[in-house]
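Data block below; observations after.
The values are calculated or read from the model by the stated rules, or taken from the named source; none is laboratory data. What you are looking at is a predicted structure, and each value in this text was computed from that prediction instead of being measured. Heads up, the Cβs are rebuilt from the backbone with ideal geometry, glycines too, and the neighbour counts pull from every protein chain shown.
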């Protein structure tokens, strides 16, 4: 195309000999400018294409992280519901008379002192944040939704850590009771003479300090998991909503 312009310009310059060199010089300048502008436009297009490809890659990676999170959150909801149910059964059975040490161990087996923190797959979001590439997303509403979701996650994760710390403090108060009589230290206390009736019969005395400390610890863990369920359900709803937004963005945009 530039060669065509150059031949046309030379012919026009040759038609007017006195103006030949001036026209030739001006034409050369115009061609150089046109060439530079075309090169800039091609470079800009290539850069825009690279950014678009990277944007799509990040969206797909975020979606993959969020799908994994929904699976994890659904699992955590079921686990917390199970813990709540076991705590309920323990409390109600603990108010019944336990006739033998084996009876006590059977209800003690209902207790699982679960204090796992909340960890989601946020590697993609961290990469975006740490590299300052959140602005790569052209859809500002979607960009705000992504940032908002991970802020909500951080808030819930902080509350979960606080609940875990509190419940562990309550558990520590009864550790001296539960560890020995539950059989978890049976590799130490492995002779009948090492166990006394009073080691476990507190369970038949609701007025005893040991009984109430144990009930308080169970209540703390049960209330904790009740709250966790509401947190997990909230984050699950938010994650699914964000997945829908990402899917629409991937479907509606022209990625060619």
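Here are a few things to note about the model shown:
- Set side by side, the residues 170, 238 differ, and just one is part of a helix (DSSP H, G or I) and at pLDDT below 95, which is 170.
- Subset of segment 129-150 [more than 16 Å from residue 240 (Cα to Cα), under 19 Å from the mean Cα position of the chain (by Cα) and in a helix (DSSP H, G or I)]: 129, 130, 134
- When residues of segment 92-108 are limited to those that are in a loop (DSSP other than H, G, I, E, B) and modelled with pLDDT of 90 or more, the one farthest from residue 157 (Cα to Cα): 99
- Scanning segment 158-167 for residues that are surrounded by 17 or more Cβ atoms within 10 Å (Cβ to Cβ) and either over 18 Å from the mean Cα position of the chain (by Cα) or farther than 16 Å from residue 114 by Cβ (or both) yields a total of 3.
- For residue 118, the criteria (1) touching a residue at least 60 places away in the same chain (Cβ under 8 Å); (2) more than 24 Å from residue 220 (Cβ to Cβ); (3) not in a helix (DSSP H, G or I) hold in every case but one, which is (2).
- Inclusion of residue 86 among residues that are out of contact with any helix residue (DSSP H, G or I) (no Cβ under 8 Å at 6 or more places or on another chain) and touching a residue at least 12 places away in the same chain (Cβ under 8 Å) is warranted.
- Filtered residue count, segment 113-133, keeping only those that are touching a helix residue (DSSP H, G or I) at 6+ places or on another chain (Cβ under 7 Å) and surrounded by 13 or more Cβ atoms within 10 Å (Cβ to Cβ): 10
- Residue in segment 53-71 that is in a helix (DSSP H, G or I), over 27 Å from residue 254 (Cα atoms) and touching a residue at least 12 places away in the same chain (Cβ under 8 Å) present: yes
- Complete set of residues in segment 242-256 that are within 28 Å of residue 77 (Cβ to Cβ) and free of Cβ contacts under 8 Å to residues at least 12 places away in the same chain: 244, 248
- The selection criterion, being out of contact with any helix residue (DSSP H, G or I) (no Cβ under 6 Å at 6 or more places or on another chain) and either over 27 Å from residue 80 (Cα atoms) or in contact (Cβ under 8 Å) with a residue 40 or more places away in the chain (or both), holds for residue 234.
- Residue in segment 75-85 that is within 20 Å of residue 170 (Cβ to Cβ), buried (at least 16 other Cβ atoms within 10 Å of the Cβ), modelled with pLDDT of 95 or more and over 23 Å from the mean Cα position of the chain (by Cα) present: yes
- The single residue among 164, 212, 223 that is closer than 21 Å to residue 121 by Cα, part of a helix (DSSP H, G or I) and at pLDDT 85 or above turns out to be 164.
- Qualifying residue in segment 195-207 (condition: touching a helix residue (DSSP H, G or I) at 6+ places or on another chain (Cβ under 7 Å), at pLDDT 90 or above and more than 16 Å from residue 105 (Cβ to Cβ)): yes
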